[in-house]
Amino acid sequence: MKDTKKMIICFLTPALLFFVTIFLYPVCRTIVMSFFEAEGVSDSISTWQFVGLQNYQKLFSTSIFLDSMANMLKIWFFGGLIVMSISLLFAAILTSGVKFKGFYKAVVYIPNIINAVAMSTMWITAVFNKRFGFLHNFFDWLGSDLAKVDYMSGSIKFWTLLVAFCFGSVGYYMLIFMSGIERVSGDIYEAATIDGASKVCQFGRITLPLLRGVMKTCMTFWTIGVVGFFVWSQMWSAPLQSELTTITPFIYMYNVTFGTQGNTERSASLGAAVGVLMALVVLLVFFIINKAVKEDDSEF
């Protein structure tokens with residue numbers, strides 16, 4: 001027994017040290033830094049000046065950060081409705097016995113394996129470009145005034161970002177929903193069909209209730225993805241002060257931490273406060289989802 005315990009300790013110690021060094025220490029340092037004033041991420045702790053909640057108060061009085069939070073909320077709510085609805089619809093169709101299921105599944109999922117930078121560049125240049133983008137040429141062919149719209153400026157720019165991001169997200173959540181639907185016993189649907197239930201009725205009365213756990217997982221993953229929204233926003237964003245429609249908290253955190261914009265002060269502690277707030281947002285949403293979405297003891 002003693003030899004077994006020693007072996008367990010020998011195997012666990014490297015993993016534990018790795019976890020503490022790579023994950024736990026940076027997390028604790030970030031949380032502590034958010035209550036101090038520090039200019040650089042690598043500044044010595046001895047140079048930090050304690051300011052209490054000043055960084056958090058400053059964030060909630062900064063219009064750029066508040067705009068970024070509003071953008072993140074809109075992406076989470078409107079994007080979540082679009083992505084979850086379309087993903088669930090595709091999952092229901094592809095698990096209903098449709099032919100060429102593997103082909104359609106691959107087509108819908110392909111955008112997820114393309115690099116986000118390449119995908120966003122494709123949308124910006126090939127679809128939304130004012131001169132030679134698809135939308136411009138299509139509406140110009142129809143003779144519509146929509147051909148004159150600049151889809152990469154003004155308030156409409158946010159919605160073009162949302163459409164492109166949702167397009168690239170549907171396949172991932174579709175596979176999760178499909179895995180949940182395929183776990184449901186076919187005998188249940190067969191019994192419902194014999195009882196005269198239509199496909200729509202079976203979907204509403206059988207499929208959806210049995211997908212509560214899957215829906216909770218998808219909503220959690222969606223929240224984490226939206227809170228960490230960076231690459232798409234960076235590709236759509238112009239200089240920070242002149243373009244606020246597509247700014248998200250992680251973009252603001254990056255700019256304020258490293259001072260990449262000339263009109264943005266450099267403050268690693270302020271960036272740390274943003275990171276802590278985003279972690280709290282994820283925990284809050286996860287708590288609300290767990291309370292709102294109850295899982296029954298139904299068996300598949």
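The values are calculated or read from the model by the stated rules, or taken from the named source; none is laboratory data. From a predicted model like this one, the values you see are computed outputs, not experimental measurements. Using ideal geometry, Cβ is built from the backbone for each residue, glycine included, and neighbour counts are taken over all protein chains shown. In case anyone asks, the SASA skips ligands and DNA or RNA and just uses the protein heavy atoms, side chains included. Shrake-Rupley method; radii C 1.70, N 1.55, O 1.52, S 1.80 Å.
Annotations for the structure displayed:
- Ranked by the mean number of other Cβ atoms within 10 Å of their residues, highest first, the peptides 113-125, 84-96 come out as 84-96, 113-125.
- The fraction of all Cα pairs in the range 90-158 landing in successive 10 Å bins from 0 to the largest distance is 18, 31, 26, 24, 2, given as whole percents.
- Counted charge near Gln202, where neighbours are those whose Cβ lies closer than 11 Å (Asp, Glu -1; Lys, Arg +1): 0
- Over the chain, accessible surface divided per residue gives 58 Å², non-protein components excluded, 1.4 Å probe.
- Label zone at Leu208 (point 7 Å along Cα-to-Cβ), backbone N below 20 Å, the range 79-104: 79-96
- Count of Lys pairs (Cα-Cα under 15 Å; at least 8 positions apart or interchain) in the range 1-158: 4
- Hydrodynamic radius by Kirkwood, which averages 1/r over all alpha carbon pairs of the range 139-183, in angstrom: 13.1 Å
- Set against the 2.2 N^0.38 Å expectation for a compact globular protein, the chain has a Cα radius of gyration ratio of 1.25.
- P(r) weight above 23 Å for the range 1-134, C-alpha pairs, percent: 70 percent
- Where only DSSP H runs of four or more residues are counted, the chain gives -19500 deg cm²/dmol as its mean residue ellipticity at 222 nm, each run worth -39500 (n - 2.57).
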